[in-house]
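**Q** One structure is given below, represented as structure tokens, and several questions about it will come after.
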Amino acid sequence: MRRKRSIALVIREHDDDGRVAGCGATGRWLVVRRPDDDEDLPGVWGLPAGTSAPHESEEDLVRRIGREKLGVRLEPGARVASGSTERPGYTLEMDLWTARLGSGGVDLGRGPETTTRYSDWKWDGPPALEDGARAGSLCCRLGLELV
């Protein structure tokens, strides 16, 4: 069976003095809403994610997710979780990384037409991922395992 490698991101809201807020259930993360016509998880709120291109490093994928999907510069952090799930026709293997917002404000939909274009974003707590996890979202499940 074919394997698909992806990365999802935990981007924590910054405090006023630039420190990153805590990772626990009381912290707020950048969550995105998949479009209503999404093939796998229509309208589901989850974590920003992307699929690896051939020969692309994990750090470069983190930066590309920021640039193409969120319109921001991201600084890669560290891998904090991994998991996999079966999808029709392939196995999705996902690493969950932390990332930190660099410059720019979030500006969705800047990437190529072939990428998932999120319909909305917000700062919210990890409980915002619960519906997505129930719907089968691997990034949501991995995010909830952190809290």
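**Q** Express in Å², to the nearest 10, the accessible area of Val147 obtained by rolling a 1.4 Å probe over the protein heavy atoms while all chains stay in place.
**A** We get 80 Å² for Val147.
**Q** I've got another one for you. Rank Asp37, Asp95, Asp124, Asp107 by accessible area, highest first, at a 1.4 Å probe radius?
**A** Asp37, Asp107, Asp124, Asp95
**Q** Another question, then. What spacing in nm lies between the two simple spin-label points modelled at Lys4 and Asp107, each 7 Å away from Cα in the Cβ direction?
**A** About 2.8 nm separates the two model spin labels.
**Q** Turning to a different aspect of this structure: Among the trypsin sites (Lys or Arg not before Pro) in the stretch 64-147, which ones are in a DSSP loop with at most 14 other Cβ atoms within 10 Å of the Cβ? Mind listing them?
**A** Arg73, Arg110
**Q** Taking springs between alpha-carbon atoms closer than 10 angstrom, which of Ala49, Ala78, Ala128 fluctuates most in the Gaussian network model of the chain?
**A** Ala78
**Q** If eta is 1.567 mPa s and T is 4 °C, what Stokes-Einstein diffusion coefficient results for the stretch 44-147, Kirkwood Rh from Cα pairs, in µm²/s? Mind showing how you got there, number by number?
**A** Values: Rh = 14.4 Å.
Answer, rounded: 90 µm²/s.
**Q** Ok, one more. Compare Ser119, Ser82, Ser57 in a GNM of the chain, Cα atoms joined below 10 Å, and give the one with the largest fluctuation.
**A** Top of the fluctuation ranking is Ser57.
**Q** Subtracting the Cα-Cα distance from 0.36 nm times the residue separation, let me have the gained length for Ser57 to Arg87 in nm, one decimal.
**A** Values: separation 30, 0.36 × 30 = 10.80 nm, distance 2.37 nm.
Full-extension gain reported as 8.4 nm.
**Q** Please compute the contact order of the stretch 84-147 in relative form: average sequence separation of alpha-carbon pairs under 8 Å and at least six residues apart, divided by the residue count, as a percent.
**A** Numbers: 39 pairs, mean separation 17.1, N = 64.
Relative CO of the stretch 84-147 lands at 27 percent.
**Q** Tabulate in residue order the Karplus-calculated ³J(HN,Hα) for the stretch 88-102, using 6.51 cos²θ - 1.76 cosθ + 1.60 with θ = phi - 60°, rounded to whole Hz; enter x for Gly and Pro.
**A** The phi angles translate into x, x, 7, 9, 8, 10, 10, 9, 9, 10, 8, 8, 10, 5, x Hz.
The values are calculated or read from the model by the stated rules, or taken from the named source; none is laboratory data. Just so we're clear, the structure is a prediction, and the values are computed from it rather than from any experiment. Note that we place each Cβ from the backbone using ideal geometry, even for glycine, and neighbour counts take in every protein chain shown. With ligands, DNA and RNA removed, areas are computed over all heavy atoms of the protein, side chains included. Shrake-Rupley method; radii C 1.70, N 1.55, O 1.52, S 1.80 Å.
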